[in-house]
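See below for the structure under consideration.
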Amino acid sequence: MLELHTPVQYVKGIGPRLAEILGGKGIHTVEDLLYYLPFRYEDRINPRRIAELRPGEMATIIAEVRGAGLFRTPRRGIQIFQMTAGQGRDSITCLWFNAAYLKGKFEPGQTIALYGRVEEPRSGRNRIQLMQPQFEILSEPIEEAAEKSSENLAAESLEIGRIVPIYESAAYGRLSPRWFRRVVYRALEDLTPDLPDGIPRAIRQRLDLIPRREAFRLAHFPEPGTRFEDLQNARTPAHRRLIFEELFFLEVGLELKRRNLRAQPGISFAITAGVREVLKRVLPFHPTAAQKRVLKEIADDMQRPSPMRRLLQGDVGSGKTIVALEAAIIAVENGYQAALMAPTEILATQHYLSARRLLEPTGYRIALLTGSLDDEQKRDTRRHIARGDVQLVIGTHALIEDKVEFAGPGLVIVDEQHRFGVLQRFKLMKKSGGDDTGGHGFSRAETAAKKTGALALEVDVTPEPDVLVMTATPIPRTLALTLYGDLDASILD
C-alpha cells in the first residue's frame, strides 16, 4: 500500500530515473503526484463519428492516422502541417500553422484522439477539417496494438468512453498526459484506504465536504454524469474540497504565524500626558474623525507588549503621512528611533521636508538617507543613526543596506508598501546596532530567514519594532496580506 509520504519512485511505472524528472516539477511524493491535477478535461464518453460532424461545433474524435506531411502555401509560403485521420471510409483533415515540430510525430495506423472546432471545408474541397486541434496519440501501430481488436482498444478505460483528464506534459513531452493518467490511476489504486484528513470532521460535515481520498479520485477521474462545465471551472465537489483544503491550511499556517508573532517580545509604548501634548502641538490642523480613529487603533497596538503589524490604507490626501508621523512621535517620546522607508527619492524627500517642518520645532533630529548622497554624507548620516543622535530616519532602499545600523529601532514605517518585497520590509524591521547583528547589520532571525525563506521564525531576546505599512492603492497583494492575516488593517475613509 502507498502512503501519501511514499516517494514517488515507488509508484508502478515510475522508478528512480523518472522520479528524478518529476522532482524537477516539484513532484517528490505520492501526495505531490495526486495534487498534480488536470488542467482541463475531454469528454470522450461518446466520441463523434466523422460522418455526423457539422461545421461550427466542438467535437472529440477517435480516429486512425492515414497520413501526414509538411508543406508551404504557394503564394505566401506559410508553413502548414497537415494530417489526415479516418474512420472507415470517412476522413477528416487537420491543419496546424507553423508547426514543423510535428514532423515525424504521426505515423499511419496510430489511434489518435482529436479535440477542436469543426471548420467549413476549404474552397475546392469537400472534406471537413479541424484547425489547430488538440490531440493525443492513444496507441502506436506496433505488434501489441495489432493483436488487439478494435473493441478491446475502445475499451481502454483511461482513454476512451469516459471523461478524460488532460495533464501538462513533462520532459519535453516525454511524460505525456497519457503517461500521467496511467501512473496517477495506479497510485490511486494502491493508495491506503486509511487516508489522514487534516480538516476536522465537524467542519467537513458543516460544509458538506467529501472525503479526501474520494476528492483525489474524482478530481482525476470524474464519474459519468459529472457536469462538464463544472469540471472545466473547477466547481465539482472534488475540486471544492481540494480548494477549501488549500485555503484552510493556509489560514491555519497564518494563524500559527500570528501566534508566534504575539509570542515575540515587543515594545510596550507608554501614551503619557506628555506624549499627548506633543501630538496636539505638532498637528497643523484639527484631525478628522477618521484620523482620530485610525491613530487610536495604532496607539492601542503600540501599547501592547507584542509587535504591531498594521496596514494603513487611504486615498491620496487623506492624511496617512500625518498619522504615521504621529505614530513616530509616540516611539520617539518613549526613547526609541523611528524609520520611514519610501520607494523613490522624490517621495522620501517630500516626507523629509514635511517631517522637518512639523517635528524639528519640538527638538527632534531628522535625517534623510538616499542613494544619491555622496559617500561622506552617507557615512556621516549612518554614524549619527548608529549613535542614536537621530530620532527619525527617512530614506529609500538605502535604509536596508548592510552598513546601516540603528541604536534603538522602535517603529518601522513603509510607504507604498506594495513597491517593496516582504523580505525588504523584514530586513528593515530587523535593523539593530546590538550584538545580535553579528557585526554586519543582520539579526540572527534574519540570517535564518534568508536560509529558509521564512518570515516569522525564532523568538529572539531583542524586542521587535512595531511595523506600520501605508498604501494609497489597495492592489491584490495588499488585500491578500490583509485578508490572510499578516497585517491588521486601518482604513482612512
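A few notes on this one:
- Failed item, numbered, when Leu261 is tested on (1) surrounded by 13 or more Cβ atoms within 10 Å (Cβ to Cβ); (2) part of a helix (DSSP H, G or I); (3) touching a Gly at 6+ places or on another chain (Cβ under 9 Å): (3)
- Tyr364 within 24 Å of Pro284 (Cβ to Cβ), at pLDDT 90 or above and in a loop (DSSP other than H, G, I, E, B): yes
- Residues of segment 91-111 classified as assigned to a strand (DSSP E or B) and under 20 Å from Ser139 (Cα atoms), total: 5
- Scanning segment 394-409 for residues that are buried (at least 24 other Cβ atoms within 10 Å of the Cβ) and within 15 Å of Asp466 (Cβ to Cβ) turns up Phe406, Pro409.
- Among the candidates Arg182, Arg258, Arg186, residue that is over 20 Å from Glu159 (Cβ atoms) and either among the hydroxyl-bearing types (Ser, Thr, Tyr) or out of contact with any strand residue (DSSP E or B) (no Cβ under 6 Å at 6 or more places or on another chain) (or both): Arg258
- If you go through segment 20-60 and keep only what is assigned to a strand (DSSP E or B) and modelled with pLDDT under 95, you end up with Arg40, Tyr41, Glu42, Asp43, Met58, Ala59, Thr60.
- Test result for Ile210, among the aliphatic types (A, V, I, L, M), touching a Pro at 6+ places or on another chain (Cβ under 7 Å), over 30 Å from Leu114 (Cβ atoms) and surrounded by fewer than 18 Cβ atoms within 10 Å (Cβ to Cβ): yes
- Every listed requirement among (1) modelled with pLDDT under 85; (2) at positive phi is met by Gly104 save one, (1).
- Among the residues making up segment 180-205, those that are over 19 Å from Thr6 (Cβ atoms) and in a helix (DSSP H, G or I) are Arg181, Arg201, Ala202, Ile203, Arg204, Gln205.
- Among residues of segment 332-390, those that are among the charged types (D, E, K, R) and either touching a residue at least 60 places away in the same chain (Cβ under 8 Å) or not assigned by TED's automatic domain parsing to the domain that holds Leu279 (or both), counted: 1
- Single match in Ala290, Ala299, Ala273 (criterion: loosely packed, with under 14 Cβ neighbours inside 10 Å and more than 30 Å from Pro222 (Cβ to Cβ)): Ala273
- For segment 214-229, filtering for residues that are surrounded by fewer than 17 Cβ atoms within 10 Å (Cβ to Cβ) and either farther than 19 Å from Asp43 by Cβ or modelled with pLDDT of 95 or more (or both) leaves 1.
- All positions within segment 361-378 that are more than 21 Å from Val414 (Cα to Cα) and either in contact with a Ser or Thr (Cβ under 7 Å, 6 or more places away or on another chain) or surrounded by 12 or more Cβ atoms within 10 Å (Cβ to Cβ) (or both): Thr362, Gln377
- Residue, nearest to Thr192 (Cα to Cα), within segment 240-257, restricted to residues that are in contact (Cβ under 8 Å) with a residue 60 or more places away in the chain and surrounded by 15 or more Cβ atoms within 10 Å (Cβ to Cβ): Leu242
- Filter result (part of a loop (DSSP other than H, G, I, E, B) and touching a strand residue (DSSP E or B) at 6+ places or on another chain (Cβ under 6 Å)) within segment 210-252: Pro222
- Flag if Glu57 is touching a residue at least 12 places away in the same chain (Cβ under 8 Å), loosely packed, with under 15 Cβ neighbours inside 10 Å and of a type in the set (Asp, Glu): yes
The values are calculated or read from the model by the stated rules, or taken from the named source; none is laboratory data. Here the structure is a predicted model, which means the values were calculated and not measured. We place every Cβ from the backbone using ideal geometry, glycine too, and count neighbours over all the protein chains shown.
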